[in-house]
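Worksheet for the structure shown next.
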Amino acid sequence: MAELTTIARPYAEAAFEIASGENALAQWSEMLRFAAAVVVDPKMADALSSPQLDAAARESLFLSICGDRLNAEARNFMRVLIEAERISLLPQIRDLFGKKIEATVTLNPQLLGGARITVGDAVIDGSVQGKLAQMAQDLRA
């Protein structure tokens with residue numbers, strides 16, 4: 001399950017970026033919910049994984065079933081998933097799209113300014129201290 005979530009995360013982030021840019025988070029959430037329900041239907045899952053259908057046929061089938069429940073951007077998003085053979089990840093994408101984030105904020109005077117963000121094992125260091133340390137490392141190289 002964790003592996004599927006890892007694969008689904010960039011797609012969920014892309015969907016979130018599109019939805020945020022359109023100021024349509026609720027609409028995208030509903031579209032993803034509906035599309036995920038279509039994907040998990042046993043007959044549809046069989047059709048989407050059938051080697052007898054090429055990507056264009058799978059795309060046509062899926063989008064015809066979804067009809068006007070998807071806007072143009074969501075239809076394009078689904079096309080990308082189908083072409084990448086990732087359409088089966090829609091339930092995971094939907095679940096990640098709906099996650100709430102709980103932030104823990106701590107002040108560290110040693111940073112001098114800026115921020116250091118840690119999410120899981122990823123660190124984004126935009127602090128002055130981090131920039132100075134990177135500059136010192138670059139000058140030594």
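Let me cross-check THR118: its accessible surface, 1.4 Å probe, with only protein heavy atoms counted, in Å² to the nearest 10?
Rounded to the nearest 10, that gives 90 Å².
Normalising by the residue count of the chain, find the relative contact order in percent from Cα pairs under 8 Å and 6+ residues apart.
Working: 94 pairs, mean separation 39.2, N = 141.
Here the relative contact order equals 28 percent.
Apply the Karplus curve 6.51 cos²θ - 1.76 cosθ + 1.60, θ = phi - 60°, to the phi angles in the stretch 18-31 and return the couplings in whole Hz, x for Gly and Pro.
Those phi angles translate into 4, 5, 5, x, 8, 6, 9, 4, 5, 5, 5, 4, 5, 5 Hz.
What's the Kirkwood radius of the stretch 1-88 in Å, using all Cα pairs?
Values: mean 1/r = 0.0746 Å⁻¹.
Computed over Cα pairs of the stretch 1-88, the Kirkwood hydrodynamic radius comes out at 13.4 Å.
Could you work out which residue, out of PRO51, PRO42, PRO109, moves most in a Gaussian network model of the chain, that is, has the largest mean-square fluctuation with Cα springs under 10 Å?
It is PRO109.
Return the FRET efficiency for the residue pair LEU63, ILE7: r is the Cβ-Cβ distance, R0 is 25 Å, and the value is rounded to the nearest 0.05. Spell out each step's value before the answer.
On the way: r = 22 Å, r/R0 = 0.89.
Computed FRET efficiency for LEU63 and ILE7 comes out at 0.65.
Given 0.36 nm per residue, what is the gain on full extension from ALA136 to SER88 after removing their alpha carbon distance, in nm? Let's see the in-between values first.
Working: separation 48, 0.36 × 48 = 17.28 nm, distance 4.65 nm.
Taking ALA136 through SER88 to full extension adds about 12.6 nm, to one decimal.
If you average 1/r over all unlike Cα pairs in the stretch 64-115 and invert the result, what Kirkwood radius do you get in angstrom? Please list the in-between numbers first.
Values: mean 1/r = 0.0687 Å⁻¹.
In the stretch 64-115 this quantity evaluates to 14.6 Å.
Please give me the summed charge of the neighbours of SER60: other residues whose Cβ is under 11 Å from its Cβ, Lys and Arg +1, Asp and Glu -1. Write down the numbers at each step before the final one.
Details: positive: ARG58, ARG79; negative: ASP54, GLU59.
So the surrounding residues net to 0.
Can you tell me the orientation of helix 128-140 relative to the chain, as the angle in degrees between its alpha-carbon axis and the longest Cα principal axis, to the nearest 10?
Helix 128-140 and the main axis of the chain meet at about 80 degrees.
Anyone know which of GLN52, GLN27, GLN110 comes out most mobile in the 10 Å Cα GNM of the chain?
Between GLN52, GLN27, GLN110, it is GLN110 that shows the largest mean-square fluctuation.
Please turn the phi angles of the stretch 34-43 into ³J(HN,Hα) values with the Karplus equation 6.51 cos²θ - 1.76 cosθ + 1.60 (θ = phi - 60°), one per residue in order, whole Hz, x for glycine and proline.
5, 4, 5, 5, 5, 5, 7, 4, x, 5
Assuming R0 = 35 Å, can you tell me the calculated FRET efficiency for the pair ASP46 and VAL105, based on Cβ-Cβ distance, to the nearest 0.05?
Values: r = 48 Å, r/R0 = 1.37.
Calculated transfer efficiency: 0.15.
Please list 3J(HN,Hα) in residue order for the stretch 73-90, calculated via the Karplus relation 6.51 cos²θ - 1.76 cosθ + 1.60 where θ = phi - 60°; whole Hz, with x for glycine and proline.
Result, ordered by residue: 5, 5, 4, 5, 4, 5, 4, 4, 4, 5, 5, 7, 6, 10, 4, 5, 7, 3 Hz.
The values are calculated or read from the model by the stated rules, or taken from the named source; none is laboratory data. Because the structure is predicted, anything quoted here is derived from the model rather than measured. Here the Cβ is made from the backbone with ideal geometry for all residues, glycine too, and neighbour counts use every protein chain on show. Calculation scope for accessible area: heavy atoms of the full protein, side chains included, ligands and nucleic acids excluded. Shrake-Rupley method; radii C 1.70, N 1.55, O 1.52, S 1.80 Å.
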